[in-house]
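Structure first, commentary second.
The values are calculated or read from the model by the stated rules, or taken from the named source; none is laboratory data. Keep in mind it's a predicted model, so treat the numbers as computed, not measured. Quick reminder, even Gly has a Cβ in these numbers, built from the backbone with ideal geometry, and neighbours come from all protein chains shown.
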Amino acid sequence: MSQVYNWQLGRPMAYPYEEKHPARQFAFVFNTNRCIACQTCTMACKSTWTFAKGQEYMWWNNVETKPYGGYPQNWDVKLLSMMEETNPGAQVWNGAPPEPGKPYGVFEGKTIFEAAEKRIGPEGGQVAVGYLPTEAEWRHPNFYEDTAVGPAGVRNQINSAGSQLPEHKTWFFYLQRICNHCTYPACLAACPRQAIYKRPEDGIVLIDQERCRGYRKCMEACPYKKPMYNGTTRVSEKCIGCFPRVEGKEPITGGVPTETRCMASCVGQIRLQGFVNLGPDGRWVEDRKNPLYYLIHIAKVALPLYPQFGTEPNGFYIPPRWAPRGYLRQMFGPGVDAAIDAYTIPDRETLAVLQLFRRDQRIIFRYEIEPGEKVFETTIRGRKFELYNDTVIAFGHEGQELFRVAVEEPFMVRPAQHANSI
Ligand code: SF4
Ligand code: SF4
Ligand code: SF4
């Protein structure tokens, strides 16, 4: 058992494994506001890594509709209920304003590790509160998620009293999920074979296929349910962070660090992946011009998924603007209101950094902004908003320029002879 500092909780916490940190950490930002649930990311991962026998049900990348959906079904509702049972009424944040080392205040409840101290699972003591999903729960990703419901209690009928587009009486949003390559992985801590390890070079969490015996303790302990059991090989598998690509072994990009398959294929341009530098205690080292550092620690527009679970996930989300705030605060923590404000009325730098998403598949290590002319001004919700046509320049691992893009899209005028051409 180690005492570690979890910056997402704003406090130290108990972690049932040795503390060790990589020099740099695989991390990513997903902008939920832009996802169209086309599942291209899902298929890019599937066709690259999980097309073999025994992997049929595996979707290392999945996109689910909230609040109805989940893969495995109801994974988060189940775990949140278990946590509430373990620590009734006390899974709360202290409501303090952000301060260095505590960007979301302090979580006063229990993490999955702390709550496990007294809890005995079906097979004895657990290192983390968790459960093993049933086969049925894994079987249907996206089951009924986007299906209109009929009147309550009546089968096979469409609800004709429902509202019409473009006005909805209900809400939903898409949640994109891969392994979070957590700083304090529950899967790793729970493995009795010590078959799971975090790579010292980039913090990617992998399962050693030789050491694993398929006990599925990782599946039980991972709060995000991202390790999956292969019934053919009888060992567990999980997202590998496309490590050959991030290492720079992708020939298409000429051997430079390249974003993962699910990131690079994103049609909605919602994804940005890279690395962040860590100090010896696992806290992020200031790196002002790294786009991930900027979005997460300076603009605070992207937030961790269920930080209260305590694994310190390295996946961050720009929350959707239209969903109820209470629901979002439970999912992304107390930073939700500030993050939505920062996204809805972005400042000059945030607007420029948001242009970096999916302009290239080579990993961006640094950006610079060249100031441009002011082109527009308005008021949004009582606040002044100014649009500058700045140019943001992305740099790669050796400081080489990757691309540059302006905030305002260029105007293309079709020549008169092609006015009716498509
Ligand atoms: S998301 Fe789950 S599988 Fe991935 S590192 Fe975290 S605990 Fe392990
Ligand atoms: S990072 Fe690679 S292995 Fe992981 S979900 Fe994305 S495509 Fe699949
Ligand atoms: S490819 Fe992008 S837009 Fe399409 S479902 Fe995946 S994350 Fe969403």
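Residues in the range 2-51 that are away from ligand 1 (no atom under 16 Å from the Cβ), surrounded by 19 or more Cβ atoms within 10 Å (Cβ to Cβ) and in a helix (DSSP H, G or I): Thr32, Cys41, Thr42, Ala44, Lys46.
The number of residues in the range 250-282 being among the charged types (D, E, K, R) and at pLDDT 95 or above comes to 3. Looking at Asn33, Asn74, just one residue is away from ligand 2 (no atom under 16 Å from the Cβ), out of contact with any Ser or Thr (no Cβ under 8 Å at 6 or more places or on another chain) and on the phi < 0 side of the Ramachandran plot, and that residue is Asn33. Take Arg288 and tell me if it is touching a helix residue (DSSP H, G or I) at 6+ places or on another chain (Cβ under 8 Å) and more than 16 Å from ligand 3 (Cβ to nearest atom). Yes: the conditions hold for Arg288. When the strands (runs of 3 or more DSSP E) confined to the range 186-304 are screened for residues that are within 21 Å of the chain's Cα centre (by Cα), away from ligand 2 (no atom under 14 Å from the Cβ) and surrounded by 15 or more Cβ atoms within 10 Å (Cβ to Cβ), those reaching at least 1 such residues are found at 196-198, 271-277. Annotation: of all residues in the range 52-66 being closer than 16 Å to Asp146 by Cβ and within 12 Å of ligand 2 (Cβ to nearest atom), the one that is surrounded by the most Cβ atoms within 10 Å (Cβ to Cβ) is Val63. Where residues in the range 8-33 are in contact (Cβ under 8 Å) with a residue 60 or more places away in the chain and of a type in the set (D, E, K, R), which of them is nearest to Pro100 (Cα to Cα)? Among those that are in contact (Cβ under 8 Å) with a residue 60 or more places away in the chain and of a type in the set (D, E, K, R), it is Arg11. Annotation note: Cβ proximity below 7 Å between a residue of the range 65-90 that is within 17 Å of Gly333 (Cβ to Cβ) and a residue that is assigned to a strand (DSSP E or B) and at pLDDT 95 or above (sequence gap 6+ or interchain) occurs for Lys66/Leu175.
Set side by side, the residues Ala299, Ala342, Ala338 differ, and just one is at pLDDT 95 or above, over 26 Å from Glu64 (Cα atoms) and among the hydrophobic types (A, V, I, L, M, F, W, C), which is Ala299. A residue that is part of a helix (DSSP H, G or I) and within 14 Å of ligand 1 (Cβ to nearest atom) can be found somewhere in the range 76-88. The condition of being within 23 Å of Val129 (Cβ to Cβ), in a loop (DSSP other than H, G, I, E, B) and within 16 Å of ligand 3 (Cβ to nearest atom) holds for Gly69.
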